Number of protein chains: 2
Amino acid sequence: MTTSVGAGRTPSHGGVGAVASRFAHFDTELTLQSGASLPAYVLAYETYGTLNAAKSNAILVCHALSGHQHVAGFRADNQNDIGWWDNIVGPGRPLDTDKYFIVGLNNLGGCHGSTGPSSINPATDKPWGADFPVVTVSDWVAAQARLADTFGIDAWAAVIGGSLGGMQALQWTLDFPQRVRSALVIAAAPKLSAENIGFNDVARQAILTDPDFHDGHFYQHGVRPLRGLRLARMLGHITYLSDDQMAEKFGRRQRAGAGSYGFEVEFEVESYLRHQGDKFAGVFDANTYLRMTKALDYFDPAANFNDDLAAALAPATARFLIASFTTDWRFPPSRSREMVNALVKNGQPVVYSEIDCAHGHDSFLMDDAHYHAVIAGFLRQVGS
Amino acid sequence: MTTSVGAGRTPSHGGVGAVASRFAHFDTELTLQSGASLPAYVLAYETYGTLNAAKSNAILVCHALSGHQHVAGFRADNQNDIGWWDNIVGPGRPLDTDKYFIVGLNNLGGCHGSTGPSSINPATDKPWGADFPVVTVSDWVAAQARLADTFGIDAWAAVIGGSLGGMQALQWTLDFPQRVRSALVIAAAPKLSAENIGFNDVARQAILTDPDFHDGHFYQHGVRPLRGLRLARMLGHITYLSDDQMAEKFGRRQRAGAGSYGFEVEFEVESYLRHQGDKFAGVFDANTYLRMTKALDYFDPAANFNDDLAAALAPATARFLIASFTTDWRFPPSRSREMVNALVKNGQPVVYSEIDCAHGHDSFLMDDAHYHAVIAGFLRQVGS
């Protein structure tokens, strides 16, 4: 829900003003790709802007590994809690709330209000923990489609996401071709590489082997696998940044009092990574993290098409924007071009933009003028 | 020490035949860069070939993070225990034992027979553990110089190493210019990048936060921080291989019975990394690992020269071979070119070879014909 910006508040952040999450309850069983099913579940979401009478101006924002429904604006009870993609959503911004009705949600299996491993399992009256099923990108899209139904939205004007969020945008065009007019697939890949999976597995092993993990049932033990989650996030952060950006941001600068010939923090980069790791471990759920990385690993729409990505993407009728960033080494431009080439081969409408931005994989979150102009320009063609 | 190859044994591996480690005892105090000192210490070493009368044909092989003194041949009690760089050492091989006297050692702080954290601290009669000082590349070179003294070797014909070993070869030319006629600096860098340090710090944090680490005094607790060491090695392995090589070696292949929607091994790359991690954790010392990575982080000969690498390298009188590998993303060719450019600027003799080899950072260990020809050709110019 959207509230107007408070007088005197700078519109540079939180352009849509104070917001609050809502919760949609679903009582129809959802069968997952794994064969498991959820008899009922909740999705936490936020919306910004106004749905028009034709219900034709809705845009779905899909989040990446650690994202959630708080995409834009600030929380009414905490003005400093700005949405994770606030720079792109608001009046006059690329996802223009004067024109579009924007929906952000927390995916199934998440830890920000949607049903997930830290939710109570009605069958046991205890947290799901390890018993919460593994969910896939297709499962998320199926759950998101039901959320669209609650608004009476037959088709999204656009589905947009970066990284794992971009994979959901792509999956929408395959699972519900008629329900998505355009897809913005940013800093993504049509499937993970062996190296990508390797990094994910190290992160998972850090969590799974943390003695405080207790096979995923740590909630009952009054502990959390903070060590493992911290390591996973530290490692993740290295892969989100570019080598050049890290060099510029930290270089080999040492903190005051360094040169200790010990194992305390010495280099600035160590301080940054440990801080990021600690911050994340303090708020994120380890079982959610495991499932988010697994969804990444499993994503591979071409798998059932003999690895022929063009054949896999053929059912899509959406217009595509595929965007990549020159310094992203997690999902480099070559991975985006795989999707572009498949769409071109099929004669499907696609715009490709390779954006020169220094921030590595994290570029998709940045307030970069060229990048934002690309998104705004593409959406103008799509209309509302 | 060298023994001739047993009749009937294929010379393709273990060309120098059965070997055994020797141990040099030093009773003269060694003051380290940190200010700490070791009153006495042992270095484990092996030699291959024969030292000539002029003692002018000696080559020192420096090891990288997890290496040791067993460079070539096979252990008399285990023919399958082949030296880690056997493919380059032996009769007719690039480090030709018919011409050269080759010395391999385990560095100070190691865990293969040289004095290190798992050795007994004479002051306490317990393992050194956390009390073993942090050692630097310069400290290793100082210890290696004393080992040279025991052989009566005034100057090495060559000092050679890959990765952290290459850094030692470079440091030799600065700390003892008159004692090294040539240096082969392979797959190295003049200092670590912020990203390199970041990866090292994640690995160290995995060890330091393992509950079985006990602040480095795990020996007395009858446990070892296997979880942390395993994670450190898994992560290391990703950075040793190239993305392309991992794609070729593992791709997205899954193991039989995969698709479990759980957290057991599914992808081949997971199986490989976990196996490598387990194997390493079973044999390596965690305190040694911490110190080896710290030596990498600290290495920065230009630090005292206002970051002017040419000024730092000016004292060297050795002839240099700098070699890099196209697919090495840990220390890519650009890092080697920094050293080449500094030497060229100074008018110092340097040969640079950028070798097209698919094996990423690990290429320096591979039996690649072009690579080996480059080393052999360079050494022919150096003479013995």
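Each reported figure results from applying straightforward, stated rules to the coordinates on display, with no laboratory input. From a predicted model like this one, the values you see are computed outputs, not experimental measurements. Quick reminder, even Gly has a Cβ in these numbers, built from the backbone with ideal geometry, and neighbours come from all protein chains shown.
A few points about this structure:
- Averaging the sequence gap over all C-alpha pairs within less than 8 Å and six or more residues apart, then dividing by the number of residues, gives the range A:41-196 a relative contact order of 25 percent.
- Taking 0.36 nm per residue of separation and subtracting the current Cα-Cα distance, fully stretching the chain between A:Asn121 and A:Thr28 would add 31.9 nm.
- Cα-Cα pairs of the range B:105-177 separated by more than 15 Å (percent): 59 percent
- Exam field: B:Ala20 pseudo-label spacings to other copies (7 Å along Cα-Cβ), nanometres: 8.1
- A:Ser163 long-range amide H proximity, modeled H, under 5 Å: A:Ile186, A:Ala187, A:Ala188
- Projected-area mean, the protein assembly as shown, by convex hull of Cα positions, square nanometres: 35.6 nm²
- Put simply, the convex hull of the Cα atoms in chain B casts, on average, a shadow of 20.0 nm².
- Whichever lysines have a C-alpha closer than 23 Å to that of B:Lys345, once near sequence neighbours (fewer than 8 apart) are set aside: B:Lys191
- Distance between modelled label sites at A:Met366 and B:Phe151, nm, 7 Å Cα→Cβ extension: 5.1 nm
- In the range B:1-124, Cα pairs under 8 Å separated by at least six residues give a relative contact order of 28 percent.
- Ascending list, in nanometres, of distances separating the A:Pro122 label from those of the other copies (7 Å, Cα toward Cβ): 7.4
- Under 5 Å, built H, 5+ apart or other chain: amide partners of A:Glu354: A:Ser324
- Computed on the range A:147-279, with alpha-carbon pairs under 8 angstrom and 6+ residues apart, the relative contact order is 16 percent.
- Across the range B:1-120, the fraction of Cα-Cα pairs farther apart than 18 Å, rounded to a whole number, is 53%.
- Shape class of the range B:169-300 from the Cα gyration tensor (axes a ≥ b ≥ c, square roots of the eigenvalues): oblate, since a/c reaches 1.5 or more and a/b does not exceed b/c.
- Exposure proxy order (Cβ contacts within 10 Å, fewest to most) of B:Phe263, B:Phe364, A:Phe132, A:Phe151: A:Phe151, B:Phe263, A:Phe132, B:Phe364
- Computed E for B:His275/A:His13 - FRET, C-beta separation, R0 35 angstrom, nearest 0.05: 0.15
- Dipole in debye (nearest 20) - the range B:175-307, about Cα centre, beta carbon charges: Lys, Arg +1; Asp, Glu -1: 400 debye
- Projected over all directions and averaged, the alpha-carbon convex hull of the range B:125-234 occupies 8.8 nm².
- Table column - 3J(HN,Hα) (Hz), the range A:115-130, Karplus curve with 6.51, -1.76, 1.60, x for Gly and Pro: 4, x, x, 8, 6, 7, 7, x, 6, 10, 6, 10, x, 4, x, 4
- Charge dipole (debye, nearest 20) of chain A; +1 at Cβ of Lys and Arg, -1 at Cβ of Asp and Glu: 540 debye
- Paired Rg and Dmax values of the range A:196-240, which use every Cα atom, in angstrom: 11.0, 33
- The residues neighbouring B:Gly222, those whose beta-carbon lies less than 14 Å from its own, together hold a net charge of +1 under the Lys/Arg +1, Asp/Glu -1 convention.
- Position A:Ala54, label points 7 Å along Cα→Cβ, spacing to each other copy in nm (shortest first, one decimal): 9.1
- With the charge dipole of the range A:90-223 set up from +1 on Lys and Arg Cβ and -1 on Asp and Glu Cβ about the Cα centre, the Cα lying farthest toward the positive end among the listed residues A:Phe213, A:Val180, A:Gly104 is that of A:Val180.
- Exposure proxy for A:Glu338, B:Glu264: other Cβ atoms within 10 Å of each Cβ, ordered fewest to most, give B:Glu264, A:Glu338.
- Each residue in A:Arg319, B:Arg330 was given a count of other beta-carbon atoms within 10 angstrom of its own, and listing them fewest first yields A:Arg319, B:Arg330.
- Percent of alpha-carbon pairs separated by more than 15 Å within the range B:236-276: 41 percent
- Shape of the range B:267-384, Cα gyration tensor, a/c cut at 1.5: oblate
- Residue-averaged 222 nm ellipticity for the protein assembly as shown, from DSSP H runs of 4+ at -39500 (n - 2.57), nearest 500: -10500 deg cm²/dmol
- Value of Rg to Rh for the range A:15-62 (Rh from inverse mean 1/r over Cα pairs, i.e. Kirkwood): 1.09
- Values of log10 I(q)/I(0), in the order q = 0.19 Å⁻¹, for the range B:232-302 under a Debye, Cα-only, solvent-free model: -0.87
- Partner lysines for A:Lys55 [C-alpha distance under 20 Å; skip if fewer than 8 residues away on the same chain]: A:Lys99
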